[in-house]
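Novice: Right, I'll just put the structure down here and ask away after.
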Amino acid sequence: MNAVPQGPSKSLEEMLQESDKPVPAQLVIPDNPVEHSKVSDVLHRTESSIIVKIPVQDLVDSPWQPRHKYDETAIQALGETLKARGQDEPIRVRRLPNGKYQLIAGHRRTRAARLIGWAELDAIVLEIDDREAQKATLLSNETNEGLSDFERALSYQELITAGFATTQKDVARLTGLSQGRVSQCLGLLKLPQEILDLLEKYPGLLSYRHAKVVQDSLEKHPNTLPAIITALDTLIDKPELESSELKTILDRALESKRPRKALIEPRTIGDKNGRSAFKVRVHAHQIVINIEEGVDVDMAGKKTMAALRQFAESLELPSEEKLKNQ
């Protein structure tokens, strides 16, 4: 919880009255107070032990925040926690030239505070440039609740693209994760662009395990991407679906799209007037004979058996031993 303020109550605006850009925030001095004459210096250090109260209306999102979608139910629950327990930890922000404060860590708490009607939040103000803010935001959000594997993948890729890391091993070191976990998340970015577009709208749709199922399906059936996307569309309202269940759904969807072998047309055997007496279909190791109406079935069976017996007597099949060695 925030430390109880010590000494006379003064606003930060009063203490920075000579500043060209006064901050409308109340100062809360922690257990190890900094001299009042150095408060402005503290607010311009990268790390600060000073906690200030900042109006919620002055907080703006970071452009480097990796979260694409917020779970409204979770935000409501967080708001109830704030009401019951207060703010356990200050958010971290940096001051912008326009007087607003850009969030570094605390995007969910800020939304929860707005939801329950709080006017201000405890914050630590960091004086950092854009590049430092980008890195701090990407890393501070790594442990956030509910961050999807896709959002983590984008965050890890951004660390590499921005030059904060060169390899997956570097990303793992920065985030405190195993290289395998980083690799699993980054694997999502190898999915086709059509699926990545879907994840932009619904980032929690696929975990890295789900992505592996999709990739395996595409490897086996490379021309079935439209069918896979159609199947994935049906999963938007099923966020708890197991990867094994997804495999079943995709197998079922792809089964109907697989080209079916053309049926072999039966051959017609006619009577002496040319009318169809038998329709014969030969497939693999089967001969299927359909007997037309008007033909004596018993007689047809006997004649067929006799013909087959005569044919068999002219054959010399390989021995069982030869068949085993083939």
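The values are calculated or read from the model by the stated rules, or taken from the named source; none is laboratory data. The structure presented is a predicted model; accordingly, all values stated were derived computationally and were not measured. Virtual Cβ from ideal backbone geometry, glycine too; neighbours counted across all protein chains shown. What goes into the accessible areas is simple: the full protein's heavy atoms, side chains included, and nothing from ligands, DNA or RNA. Shrake-Rupley method; radii C 1.70, N 1.55, O 1.52, S 1.80 Å.
Novice: Find the centroid of the Cα atoms in region 184-248 and in region 112-170, then give the distance between the two in whole Å.
Specialist: 25 Å
Novice: Just read off the accessible area of Glu242 with the full protein assembly in place, 1.4 Å probe, to the nearest 10 Å².
Specialist: The accessible area of Glu242 comes to roughly 110 Å².
Novice: With a 1.4 Å probe and all protein chains in place, put Tyr208, Tyr101, Tyr202 in order of accessible area, largest first. Mind showing how you got there, number by number?
Specialist: Details: Tyr208 50, Tyr101 5, Tyr202 75 Å².
If we order Tyr208, Tyr101, Tyr202 from most to least accessible, we get Tyr202, Tyr208, Tyr101.
Novice: Under 12 Å from the Cβ of Trp118, count the other residues' Cβ atoms, weight Lys and Arg +1, Asp and Glu -1, and hand me the total.
Specialist: Working: positive: Lys53, Lys83, Arg109, Arg111, Arg114; negative: Glu120, Asp122.
Around Trp118, the charge tally is +3.
Novice: When the chain is fully extended, how far beyond the present Cα-Cα distance does Arg131 get from Asn223, taking 0.36 nm per residue of separation?
Specialist: Details: separation 92, 0.36 × 92 = 33.12 nm, distance 4.24 nm.
Net length gain for the segment: 28.9 nm.
Novice: Still on this model: Quantify, in whole percent, the carbon and sulfur part of the accessible surface of region 108-167 (1.4 Å probe; protein heavy atoms only).
Specialist: Values: 1180 of 2510 Å².
After summing per-atom areas, the C and S share lands at 47 percent.
Novice: Full-extension gain between Glu313 and Arg252, please, as 0.36 nm times their residue separation minus the C-alpha to C-alpha distance.
Specialist: 17.2 nm
Novice: For the residue pair Asp170 and Arg85, what label-to-label distance in nm results when each label sits 7 Å from Cα along the Cα-to-beta-carbon direction?
Specialist: 3.7 nm
Novice: Sticking with this structure for a sec: For the full complex of protein chains and a 1.4 angstrom probe, list Lys201, Lys83 by accessible area with the highest value first.
Specialist: Working: Lys201 145, Lys83 115 Å².
Solvent-accessible surface, decreasing: Lys201, Lys83.
Novice: So, one more: Distance check, please: which entries in Lys220/Lys279; Lys169/Lys238; Lys212/Lys238; Lys83/Lys201; Lys100/Lys238; Lys135/Lys220 exceed 28 angstrom between their Cα atoms?
Specialist: Working: Lys220/Lys279 38 Å; Lys169/Lys238 33 Å; Lys212/Lys238 18 Å; Lys83/Lys201 31 Å; Lys100/Lys238 39 Å; Lys135/Lys220 39 Å.
Violating the 28 Å Cα-Cα cut-off are Lys220/Lys279; Lys169/Lys238; Lys83/Lys201; Lys100/Lys238; Lys135/Lys220.
Novice: What does the extension gain come out to for Val60 and Lys279, with contour length at 0.36 nm per residue minus their alpha carbon separation?
Specialist: Result for the pair: 71.0 nm of gain on full extension.
Novice: Per residue of region 54-59, what does 6.51 cos²θ - 1.76 cosθ + 1.60 with θ = phi - 60° give for ³J(HN,Hα)? Whole Hz please, x for Gly and Pro, Karplus curve as stated.
Specialist: Result, rounded to whole Hz: 10, x, 4, 5, 8, 8.
Novice: Now for a separate question. With a 10 Å radius around each residue's Cβ, average the other Cβ atoms per peptide and rank 165-174, 85-94, 67-76, highest first.
Specialist: On the way: 165-174: 16.2, 85-94: 17.9, 67-76: 14.1.
Top of the packing list down: 85-94, 165-174, 67-76.
Novice: Mind ranking Ser207, Ser178 by accessible surface for me, highest first, 1.4 Å probe?
Specialist: The ordering from most to least exposed comes out as Ser178, Ser207.
Novice: Please list 146-157, 279-290, 218-229 highest first by mean number of surrounding beta-carbon atoms within 10 Å per residue. Please list the in-between numbers first.
Specialist: Details: 146-157: 21.9, 279-290: 10.8, 218-229: 14.3.
Final packing ranking: 146-157, 218-229, 279-290.
Novice: OK, next. Report the rotationally averaged projected area of region 113-193 based on its alpha-carbon convex hull, in square nanometres. Don't skip to the answer; put the middle values down first.
Specialist: Working: hull surface 29.1 nm².
Hull-based average projected area comes out at 7.3 nm².
Novice: Quick one: net charge around Glu158, please, counting Lys, Arg +1 and Asp, Glu -1 for every other residue with C-beta under 11 Å from its C-beta.
Specialist: Details: positive: Lys135, Arg152; negative: Glu151.
Here the charged neighbours net out to +1.
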